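Written below as structure tokens is the structure these notes are about.
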């Protein structure tokens, strides 16, 4: 079936009046309970491998064009 030829149908909601005011408020603020993001450690002590010169030489070798 071609999606451009489909008709949109809007159905009435049957639960009018059954939700409480608290539910309406919670649904209004729902976007504020989104995912907090990536976890960040309190201390990030990643040891550096080698000396500054060794790291620079390794970087130059990895970035060298062939």
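The values are calculated or read from the model by the stated rules, or taken from the named source; none is laboratory data. Just so it is clear, the structure is predicted and the values come from calculations on it, not from any experiment. Every residue, glycine as well, gets a Cβ built from its backbone with ideal geometry; the counts of neighbours run over all protein chains shown.
Some points to look at:
- Single condition residue 31 does not satisfy, out of (1) in a loop (DSSP other than H, G, I, E, B); (2) modelled with pLDDT under 85: (1)
- In segment 38-66, the residues that are assigned to a loop (DSSP other than H, G, I, E, B) form Cβ pairs under 8 Å with partners that are modelled with pLDDT of 85 or more, at six or more places apart or across chains, as follows: 48/55; 49/55; 50/58.
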